[in-house]
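The values are calculated or read from the model by the stated rules, or taken from the named source; none is laboratory data. The shown structure was predicted, so the numbers you read here are calculated from the model rather than taken from an experiment. All Cβ positions, glycine included, derive from the backbone under ideal geometry; neighbour counts span all protein chains shown. Heads up: the accessible areas ignore ligands, DNA and RNA and are worked out on the full protein's heavy atoms, side chains in. Shrake-Rupley method; radii C 1.70, N 1.55, O 1.52, S 1.80 Å.
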Amino acid sequence: MMHRHSRREFLVRSAMMGTAALGVGHLVAPLAEAADGPADMTIAKWTGPKDLSAEGIKQAAVKLTEQAIAGLGGLKRFMGQGAVVWVKPNIGWDRTPEQAANTNPDVVATIVRMCFEAGAKKVKVGDNPCDKAPATYKASAIADAVRDLGAEVVFLDRNRFRETAIGGERVKTIPVYPEILECDLLINVPVVKHHRLAKATLCMKNFMGVIEKRNVFHQAIEESLVDLNRFLKPRLSILDAVRILVANGPKGGRLEDVQTKLTIAAGTDVVALDAWGAEVMGLKPDEVKSVVAGDKAGLGKADYRSLRLKEAAVS
């Protein structure tokens, strides 16, 4: 029987060969250059056929993710050889990928593969879901997709959360899952979707999946999100807009509430990414209070076009 490490290497090589067979290098337009230095944010947008099959959407998600990360200079910009990486998708709901309540599994799997290609020793994938974890991890298709690549799928034990001083203006302490704080790189991978309370759930809000006692945040959600993000100091976020949920979020369930956008943005500024995500949903960034609060607090820039920005047309 193939050892786990050997199996991981085999699957990574196979994925690379599969991507090459698709001719990705010939199908991606050159990235529009940022002003100077490495980009703060990359937007990869599908410009090929719009009426894609399920398999076509899967292939597009892979290419878009690869190009969004490449536009930032690749994962080696953010991690060293032998790094331990925690990939934090939204796996909150017992919903299928087509229902867009969780992060697209092909986006997550591509990130995991690229982490190993960049030299990661270990990649962990996990979230603190609202629905029961065994159901959300299975229905989302994320667990199977990343386990096959050698990632460690983590079910967050609620007994292991540790009360942590985060030093916020609103939130002073909150229980945080310790392994997430101990990793070398935390990659934030939310999906763009509607949220009844917060208007939209994007990068900043996705970090609520690393804490317990989330009802504390609901009393002043935008200020609390600023506190948590300032404490975590996110270095890399990848925002999934392959499919987005535009109504009845965060759980959704109706396919008529889902729009296929075939776009991925990646960057170092969670406020900028959330401002862009708001626009993808048809909102103005200042309609999402956490974007306004994050900008005001100096956490990032709502005017993402003022950053070093790259754009990639993918087909």
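In loop segments of the stretch 187-285 as defined by DSSP, there are no GluC sites (Glu not before Pro) with at most 11 further C-beta atoms inside 10 Å of their C-beta. To the nearest 0.05, how large is the calculated FRET efficiency for Asp303 and Lys121 if R₀ is 35 Å and r is the Cβ-Cβ distance? So the FRET efficiency works out to roughly 0.40.
Summarised in one figure, the compactness ratio Rg/Rh of the stretch 198-250, Cα atoms and Kirkwood Rh, is 0.97. The eigenvalues of the Cα gyration tensor, multiplied by 5 and square-rooted, give the stretch 144-187 an equivalent ellipsoid with semi-axes of 27, 12, 8 Å from largest to smallest. Bridging of Lys138 to lysines at a Cα separation below 21 Å is possible for Lys58, Lys88, Lys124, Lys193, Lys251, once same-chain residues fewer than 8 apart are set aside. Each part gets one Cα centre, and for the stretch 236-315 versus the stretch 57-86 those centres are 18 Å apart. Sparse packing (at most 12 other Cβ atoms within 10 Å of the Cβ) combined with a DSSP loop state is found for the following trypsin sites (Lys or Arg not before Pro) in the stretch 161-238: Lys172, Arg196, Lys213. Straight-line reach only, C-alpha to C-alpha below 17 angstrom: list the aspartates and glutamates that Lys132 could link to, leaving out same-chain residues fewer than 8 apart. Answer for Lys132, where 17 Å is the Cα cut-off: Asp94, Asp144, Asp157, Glu212, listed by chain and number.
Label separation (Thr164 vs Glu287): 3.3 nm, computed from points 7 Å beyond Cα along the C-beta direction. Across the stretch 137-206, the relative contact order, built from alpha-carbon pairs under 8 Å that are at least six residues apart, equals 16 percent. For a straight C-alpha distance cut-off of 13 angstrom, the aspartates and glutamates reachable from Lys45 (same-chain residues fewer than eight places away being disregarded) are Glu66, Asp240, Glu311.
Computing FRET efficiency as 1/(1 + (r/R0)^6) for Asn248 and Asp148, where r is the C-beta to C-beta distance and R0 is 30 Å, gives about 0.40. Here the stretch 258-315 yields Rg over Rh of 0.99, to two decimals, using C-alpha coordinates and the Kirkwood radius.
With both residues required to sit in the stretch 156-315, DSSP beta bridges show an antiparallel share near 80%.
Over the C-alpha atoms of the chain, the Rg to Rh ratio, Rh being the Kirkwood estimate, stands at 0.94.
Measuring only protein heavy atoms, the 1.4 Å probe finds Asp106 accessible over about 30 Å².
With N the number of residues in the stretch 23-162, Rg(Cα) / (2.2 N^0.38 Å) evaluates to 1.13.
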